[in-house]
Each structure stands twice: as structure tokens, then as C-alpha cells.
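Colleague: Below is a structure I'd like to ask you about.
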Amino acid sequence: MTTLGVIVGNRGFFPSELCEKGRKTILAVLEKQGFNVIALSPEETPYGSVETYKDAKKCADLFKKNAEEIDGILVTLPNFGDERAVADTIRLSGLKVPVLVHAFPDDKEQMTIATRRDSFCGKMSVCNNLTQYGIPFTLTGLHTVDPTSESFANDLEKFGGISRVVKGLKNARFGQVGARPAAFITVRYSEKLLESTGISVESIDLSEIFGQAWKMGDKESAVQEKLGSLKDYISTKGIGEEFLMKMAKFGVVMDRFIKEHELDGTAIQCWTSMEEYFGVVPCTIMSMLSNNLIPSACEADITGLVGMYAMVKASNKPSAILDWNNNYGDDPDKGVVFHCSNIPQEFFGGKADMDYQEIIAGSVGKENTFGTVVGKLRATPVTYCRVSTNDLNGTVGAYLGQGEITDDPVKSFGGYGVVRIPDFQGLLAHICENGYEHHVALNPSRVAAAVDEAFSKYLGWSVYHHGK
């Protein structure tokens, strides 16, 4: 659940009773939309609002006590509000979280001195002071908006996503399992640049993973439980029990590695060490992790994983990592996305099957490549995202946007589908001209705006939002 610290702004020579009603309305709206709230009570300050420096200190102390819980701050103005008290509250709290500024609308039939809010004007003053204090903030879609409206519900949904992405990435812990395959220099990244933004990487050699798996007995309860989960997750028809047992053991080791290091996601070396020296592909286990909102990327692609994780936090839905792989006939706005695959079942509507990795079966033997998740992706709206580090400039950058997976016919092996991206050719040109990787993260949602603002405004990354 997302937790917001709420500041109810007030200014005494405007109708203060509006704060009483406004606070009750805002809290009811937040509860209905599933948010947790940290806010002053009417017993602590008049109407639970913030007007003076003394009020600001009280609210800041409350936020400090709950700093671990608070994902973002909502500033709401039932009347003009005291702009300095709002800014002081945030500064004194020490919180470095996203801030949403909301203003109640006036009723054109209620414009007397006893009923007029002037929140319309007060919002500008609050934003002015936040700017002076160096506090970044987010605006609602409409300058003033009824908190019970659909428009504000959309604002809250977006802001919740922004807050979760920022908090998640500032404290993210990712596991790199194995080395980057020698041929995949496309997925090089700067661990130091990621660390500077709060993202830590814990690495482990594949030999350690294999060694722990080889020591496990077939009858161990954890292995048998994972084997059952695997068979419940995907059809394993035609796959030998010995291969499923290897996958189950690998899955148990991965679960323990994730738990021990409190990891939020993993990026795993595959080609061709897994196949040659362990005898299966990791795809199904990776798919299961991703489907459980612990994203797992291929070929030690940590920055690909960053994009996957950001969209998981924004949408609360699984992310996948795929290749921008083929044109789709002569349609310039369509293409084929593909992976071997480790795509989560969410993208297949639960209808994917287990098979073998056809691309490398010829070189390592079919018997060493069982465990891929195969099928055609279901039609769904998608957000796409790619994060990359630029060591030469010392920056983190990204591109993102929205499109859809269509139901257009296509036949292939692995996991695959047809995507439609408005001005796809323009996006492809941007990818090539800026040297981005061939991997892209997809999420079955519409969260590009939230991820964009989290990256650019609150993390300071350079973002290209395609089609914005």
C-alpha cells in the first residue's frame, strides 16, 4: 500500500472551516483509492491544517517519525493556504520524496468573502515557495480540481506510481547472477553510476549457484515444493522429469539468494554457460520470478532490469524484457518483439507452454536447452522503457513511451508478438542514433507519464518520452 503524508494548507483570513470539510473529503478520497495517510489531527492543529511555523514544525515532526513509511507528500489547499508554512513543513521533515500540489476549485455561485477559497491563486504561491526552497513537485492535470472527480483519481494514480518508482529505485537492490556474456557488450553498464542514484548490485558467480544446486537432494522439501509450483505455473508436457528437477533446484537457490540479500530483481547470465554446464535454461524460473513482481532480466542486463523494476513499481504488474526483433511486413508502425523466452505468464494470459531453446540447441544440444516459456503474447496496451548508463558523460538516461501488443497474426518460436508504436520509425531512429541496447522492457499498463516524471524530475535522469 502506498503511504502519503498529507499537508492541509490554511490561511486564517480565508474561510478556515473549508479546511475542516476539505480535510475530511481528501482523507475519504485517499482511503477509497487505497492510500495510507499520515496527517495531523484536528486535536494537534486547528482543523489538522498547517498555517504557522509552529504548525509546520508539528507536521514535520510527524513526518519524521513516519519517514520509513511515507512514499510521497500531498499538499492540498481547501483555501489559499500559507505557502511558506507548506514549504517549511517539507524542508523541516527532511523527506526527499515526490510532492503533489492540489487546489480545491471555487464554485462560481459561492464567491462571497464567506465562501470563496482562492486556492486557484494560493497554488501559485505554494509552487513559488517550493521552487525557492529547491523542492521538486508534481502538478495535477487541472489547475484546480474537485478531489472526488475522475480527473483527480487519475492524478492520484499517477502520483502513487511516481512515488513508488522514486522510493523503489532510491533503495533498489539487484542481483547479478554470472558475468556478462562476452559477445553481449551491448549490455555493459556502470555500476558506480547506478550506485550514485541509490541502486546497489550484488553479484554472484554462476559456479556458486550451480554448486549449491548440485548439493541438493531430489527429495528435499524445498525442491519438491518448487517442482510443484513450476508444474502449476506452466504446462510441462513432453519435458523430462530430470530437467524439471534441475530447474526446481535452480529456483530454490535463486529464492535463497534473493532472500539472503533482500533483492528486488535479478539479471542472469544464460548463453551458453547455463546450458553447457547445468543442462537447462533458466527461463521458466525467471518467468516465475517476474510474474511474482520480482523482475528477472537476461544476459546480466542490469540496466534493462532497472526499466523492468520501475514499471513494476508504477503499475503493480509484471514486466518482461524482450528484443525489438523484426519488422512486421510493410507497416512502419508495427514490429515483432521476441525472446527465447523468460516472459511472465501475465503476457500470455497464462497460456504459455514450456519448450526448448531452438536458437542454441544446435550448438549445445537440445537436451540441454529445456525450460523456455513459449507462445504468442496476448493483445494489451503496453508501456515500454529502456534505461542505460553513459560512462563517458557520467549520466543515466532512458527512453520510454506507450503502444500496444496487437492480435495481428504471426508465427514464431519462443515468446513473441506484434507491437504497434505510433511513429515507430522515429523511435527506432532515436534508439540507433543514441546507441541504446536492443533489449526493451515492456509492461501491460499505461504508466509512461509516471515513470517519465519519476526519472526526470525526481532522479535527475535524461529522458526521451516518445510521442509526448
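Colleague: Select from segment 226-283 the residues that are at pLDDT below 95 and crowded, with 20+ Cβ neighbours inside 10 Å and write down the one among them that is nearest to Glu208 (Cα to Cα).
Modeller: Cys270
Colleague: So, in segment 143-160, exactly how many residues are more than 16 Å from Leu27 (Cβ to Cβ) and assigned to a loop (DSSP other than H, G, I, E, B)?
Modeller: Result for segment 143-160: 4.
Colleague: Among the candidates Ala314, Ala222, Ala248, single out the residue that is within 27 Å of Ser163 (Cα to Cα) and small (Gly, Ala, Ser).
Modeller: Ala314
Colleague: Six or more apart or on different chains, Cβ atoms under 6 Å: show the pairs whose first residue is in segment 289-301 and assigned by TED's automatic domain parsing to the domain that holds Arg180 and whose second is assigned to a loop (DSSP other than H, G, I, E, B) and among the aromatic types (Phe, Trp, Tyr).
Modeller: Close Cβ pairs (under 6 Å, with a partner that is assigned to a loop (DSSP other than H, G, I, E, B) and among the aromatic types (Phe, Trp, Tyr)) amount to Glu299/Phe184.
Colleague: Moving on. Touching a Leu at 6+ places or on another chain (Cβ under 9 Å), in a strand (DSSP E or B) and buried (at least 17 other Cβ atoms within 10 Å of the Cβ): which single residue out of Ala454, Ala441, Ala398 fits that description?
Modeller: When all the criteria are applied, what remains is Ala441.
Colleague: If you don't mind, another one. Please state which of the following conditions Glu69 fails to meet, knowing it meets all the rest: (1) part of a loop (DSSP other than H, G, I, E, B); (2) over 26 Å from the mean Cα position of the chain (by Cα).
Modeller: Single failed check for Glu69: (2).
Colleague: Scan segment 297-323 residue by residue and report those that are touching a strand residue (DSSP E or B) at 6+ places or on another chain (Cβ under 6 Å) and assigned to a helix (DSSP H, G or I).
Modeller: Passing the criteria: Ile302, Thr303, Gly304, Leu305, Val306, Gly307, Met308, Tyr309, Met311, Ser315.
Colleague: Count, please, the residues in segment 324-374 that happen to be in a loop (DSSP other than H, G, I, E, B) and surrounded by 23 or more Cβ atoms within 10 Å (Cβ to Cβ).
Modeller: Here the count works out to 8.
Colleague: Now, a different point. Among residues belonging to segment 401-432 that are of a type in the set (Phe, Trp, Tyr) and surrounded by 17 or more Cβ atoms within 10 Å (Cβ to Cβ), point out the one that is nearest to Ala361 (Cα to Cα).
Modeller: Result: Tyr416.
Colleague: While we're on this one: What tally of residues in segment 33-53 results from selecting those that are touching a helix residue (DSSP H, G or I) at 6+ places or on another chain (Cβ under 9 Å), free of Cβ contacts under 8 Å to residues at least 40 places away in the same chain and surrounded by fewer than 21 Cβ atoms within 10 Å (Cβ to Cβ)?
Modeller: Result for segment 33-53: 11.
Colleague: In segment 172-213, which residues are in contact (Cβ under 8 Å) with a residue 12 or more places away in the chain and part of a helix (DSSP H, G or I)?
Modeller: Across segment 172-213, the qualifying residues are Thr186, Val187, Glu191, Leu193, Leu194, Leu206, Ile209, Phe210, Gln212, Ala213.
Colleague: While we're on this one: Please go through segment 124-142 and pick out each residue that is surrounded by fewer than 13 Cβ atoms within 10 Å (Cβ to Cβ) and outside any helix (DSSP H, G or I).
Modeller: Of everything in segment 124-142, those that are surrounded by fewer than 13 Cβ atoms within 10 Å (Cβ to Cβ) and outside any helix (DSSP H, G or I) turn out to be Gly134, Gly141.
Colleague: Please find, among Gly335, Gly279, Gly329, the residue that is free of Cβ contacts under 8 Å to residues at least 40 places away in the same chain and over 23 Å from Arg164 (Cβ atoms).
Modeller: None of the other options fit; the residue is Gly329.
The values are calculated or read from the model by the stated rules, or taken from the named source; none is laboratory data. Only a predicted model underlies this, so the values are computations on that prediction, with no experimental measurement involved. Cβ coordinates were reconstructed from backbone atoms using ideal geometry, including for glycine residues, and neighbour counts include every protein chain displayed.
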